[in-house]
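See structure below.
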Amino acid sequence: MALDVSTPSPEAAPAPVSAGVARHRDMFRWIDAYRIGRVAAAILGLVVLLASAGFTATARAQGGDPDLSAITARFAADSYNDTADALNALSATGSPRAAAIVAAHAEGRLAVAPAPRPALVPTAGSTVGSAATGAAASPTPPGLPAVRANNRVRRAIEAAAGALSLLDPDPAKRREAALAVFRARDAAVLPTLDTAIARESVPGVKAALEQARAAILIGKADAPEATRLAAVELITARGDQDAIGLLRSVPADAPAAVKAAAAEGVTRVERNLQMWGVAQNVWYGLSLGSVLLLAAIGLAITFGVMGVINMAHGEMVMLGAYTTFVVQDIIRTHAPHLFDWSLAFALPAAFVFTGLVGILIERTVIRWLYGRALETLLATWGVSLILQQAVRSIFGPTNQEVGAPSWMSGAFQLGHLSITYNRMWIIVFSLLVFVALLLLLRRTSLGLYVRAVTQNRRMAAAMGIRTGRIDALTFGLGSAIAGIAGVALSQIDNVSPNLGQGYIIDSFLVVVFGGVGNLWGTLVAAFTLGIANKLLEPFAGAVLGKILLLVFIILFIQKRPRGLFALKGRAVES
């Protein structure tokens, strides 16, 4: 049978593969290749991670951080230079362990063992730990020699502590670190300082860091002249006494332009500080004026309405201060958690108590002496002595402790002004008392009667006003205001039986200078005398300044006997 080698017929041939099927087949091949690649990459990354972890563990097992160990070994050399260099090197590491070593050295707790003399830091109990690793060592040998320190080493400690805190997460600690570096001016901190400046986002902290960097660059001999001039300008802009000291410490071998810029900067800062000094004295004057206003405003009412020279007015202030002491003592004993509200309880208590005492004095002593100025002066002087002795018998002759609530404690800076919270709140309080008293006299029937009696007593009596009752209420009101003045003064002065004696003369000066019975005159006179007193003190001294003010008031009264703002009316009584 012959072999058939002819071409097969079309019906017997296999069907051709379509183009769409071929494309899908290629796509699945690429997907498989991509998956295989990802698995391979993951396996490779895991191998690298395990290898690096093993390498790190091996390195740690072989003796800890070799750099830190090498640095701490310098402490055992018993050399100031080596110790300072070691501190500078520690500051560059940024390690928390380095911060602990620097703190131990600052506290005198860094010691060295006799042999091989590693640096040690005392730990809990009677053991010491390696300064490099912190690992506990054997029991402490007796008499371990501490690492010595001189002035250079102490400056290096301060600079290292500052540098290690420059990258702290807390902005307050970073600011403190910048101030420490500013004072130390150690050039070894510059790299860490540059890193901290680049990372800083808080404007105030960044400014402190830049000032610290400028303090270092001013005295750096190899720094470019332009850089040092920019540093001088930045320190000049700081504008305080530290800036003056730094600008005056520019080295003698500095370029002439740098020294000239520093001298000009000293002049500018001194002139600026003089202006701030005047502003600070004005603030002190406002504070003193508010105290004088509180002490004198009650006297302005009684003296203006009744014509009584009340020498016991200062004792009303003293009674208000002792009322504050009693209220705080009760709160400390029975409700300590309410201490921050102690002044809120003391104010109404002092107002009521001193007001009642004032009414009692008017009804028992002063009502019999109207129209006899000398007798009222002597009688009220005797009342003041009685009140002082009564307080001494009850509370003793020594000062009593009156605490300040938390919201009246501390101070804050406004530019170069230092403003204490207690003085600030006393100024606010005195103005509120003034406004309240002004509204009382202008918007109430009692105020209308008081003004009527002040302007013309006989006419007011003829119109049916009971002048005796008005006198008692007015004297009680003046004493009550003196009492709440004592509450405020207890926060800035000693609470003692002699508290009122320091304000009675100044109160009369304020009343006479401003105009008897005129509240606006009392306000202007109090702040004028307070500011003038504080502006004269730097030049004439405290005592001579008061004498000059007294002479001025005497001359002024000769020209204007009724004061700055004289009362007006048909028959103003002199």
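The values are calculated or read from the model by the stated rules, or taken from the named source; none is laboratory data. All figures in this text were calculated on a predicted structure; none of them were measured in a lab. Using ideal geometry, Cβ is built from the backbone for each residue, glycine included, and neighbour counts are taken over all protein chains shown. Keep in mind that these areas ignore ligands, DNA and RNA; they rest on the heavy atoms of the full protein, side chains included. Shrake-Rupley method; radii C 1.70, N 1.55, O 1.52, S 1.80 Å.
In the set (1) open to solvent by 30 Å² or more (accessible area, probe 1.4 Å); (2) under 14 Å from GLU315 (Cβ atoms); (3) touching a Gly at 6+ places or on another chain (Cβ under 7 Å), ILE394 fails one condition alone, (3). With the condition kept exactly as written, say whether any residue in segment 182-190 is out of contact with any helix residue (DSSP H, G or I) (no Cβ under 7 Å at 6 or more places or on another chain) and either part of a helix (DSSP H, G or I) or at pLDDT 80 or above (or both). There is no residue in segment 182-190 that is out of contact with any helix residue (DSSP H, G or I) (no Cβ under 7 Å at 6 or more places or on another chain) and either part of a helix (DSSP H, G or I) or at pLDDT 80 or above (or both). Here the condition is being modelled with pLDDT under 90 and in contact with a Gly (Cβ under 7 Å, 6 or more places away or on another chain); of LEU294, LEU299, LEU286, LEU319, it holds for LEU299 alone.
For (1) open to solvent by less than 70 Å² (accessible area, probe 1.4 Å); (2) more than 23 Å from the chain's Cα centre (by Cα); (3) on the phi > 0 side of the Ramachandran plot; (4) among the hydrophobic types (A, V, I, L, M, F, W, C), each residue gets a yes or a no:
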position: ILE197; (1), (2), (3), (4): yes, yes, no, yes
position: ARG213; (1), (2), (3), (4): no, yes, no, no
position: PRO224; (1), (2), (3), (4): no, yes, no, no
position: ASP240; (1), (2), (3), (4): yes, no, no, no
position: ASP253; (1), (2), (3), (4): no, yes, no, no
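The number of residues in segment 508-563 being part of a loop (DSSP other than H, G, I, E, B) and open to solvent by 50 Å² or more (accessible area, probe 1.4 Å) comes to 4.
Listed residues LEU387, LEU374, LEU369; which is open to solvent by 70 Å² or more (accessible area, probe 1.4 Å) and either more than 30 Å from the chain's Cα centre (by Cα) or not β-branched (Val, Ile, Thr) (or both)? Result: LEU374 is the single residue among LEU387, LEU374, LEU369 that is open to solvent by 70 Å² or more (accessible area, probe 1.4 Å) and either more than 30 Å from the chain's Cα centre (by Cα) or not β-branched (Val, Ile, Thr) (or both).
The condition of being buried (at least 21 other Cβ atoms within 10 Å of the Cβ) and not hydrophobic (A, V, I, L, M, F, W, C) does not hold for SER445.
Candidates are the residues of segment 62-100 that are open to solvent by less than 60 Å² (accessible area, probe 1.4 Å), outside any helix (DSSP H, G or I) and farther than 18 Å from VAL153 by Cα; the one that is modelled with the highest pLDDT is SER95. Under the condition of being open to solvent by 60 Å² or more (accessible area, probe 1.4 Å) and either at pLDDT 80 or above or under 22 Å from ALA77 (Cβ atoms) (or both), the residues counted in segment 147-169 number 6. If I filter segment 491-505 for residues that are under 20 Å from LYS559 (Cβ atoms) and either surrounded by fewer than 24 Cβ atoms within 10 Å (Cβ to Cβ) or modelled with pLDDT of 85 or more (or both), do I get at least one hit? Checked segment 491-505: no residue is under 20 Å from LYS559 (Cβ atoms) and either surrounded by fewer than 24 Cβ atoms within 10 Å (Cβ to Cβ) or modelled with pLDDT of 85 or more (or both). When ILE297, ILE330, ILE301 are screened for being more than 23 Å from PRO497 (Cα to Cα) and outside any loop (DSSP other than H, G, I, E, B), only ILE301 passes. Residue pairs whose Cβ atoms lie under 7 Å apart, sitting 6 or more positions apart in sequence or on different chains, and linking a residue in segment 253-264 that is closer than 18 Å to GLY239 by Cα to a partner that is surrounded by fewer than 16 Cβ atoms within 10 Å (Cβ to Cβ), are VAL258/GLU225.
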